[in-house]
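Taking it in order: structure first as structure tokens, then the write-up.
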């Protein structure tokens, strides 16, 4: 599955989260690092949901850039 993610600069590092997977977050020193960490966090999060017998949310968030 392909989930939309949000990556934000957070002081000296980056943080990221997945809107469709509440509680699924990651941090890293760079954008590539936080992307790697978030991929692992998504897999771990989904495995945990499945192990608990909970439904895995279908990706539904959309990310777009808007000119202001």
Per the filter on region 45-65, residues loosely packed, with under 11 Cβ neighbours inside 10 Å and more than 14 Å from residue 19 (Cβ to Cβ) are 51, 52, 53, 54, 55, 65
Is one or more of the residues making up region 20-28 part of a loop (DSSP other than H, G, I, E, B), loosely packed, with under 14 Cβ neighbours inside 10 Å, modelled with pLDDT of 95 or more and on the phi > 0 side of the Ramachandran plot?
yes
When residues of region 1-17 are filtered for being assigned to a loop (DSSP other than H, G, I, E, B) and out of contact with any strand residue (DSSP E or B) (no Cβ under 8 Å at 6 or more places or on another chain), how many remain?
6
Would you call residue 48 modelled with pLDDT of 95 or more and on the phi > 0 side of the Ramachandran plot?
no
I'm checking my understanding of the structure. Among residues of region 1-19 that are closer than 21 Å to residue 54 by Cβ and at pLDDT below 95, which one is surrounded by the fewest Cβ atoms within 10 Å (Cβ to Cβ)?
2
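The values are calculated or read from the model by the stated rules, or taken from the named source; none is laboratory data. Quick caveat, the model's predicted, so the values are computed rather than measured. Glycine gets a Cβ as well: all are built from the backbone with ideal geometry, and neighbour counts include every protein chain shown.
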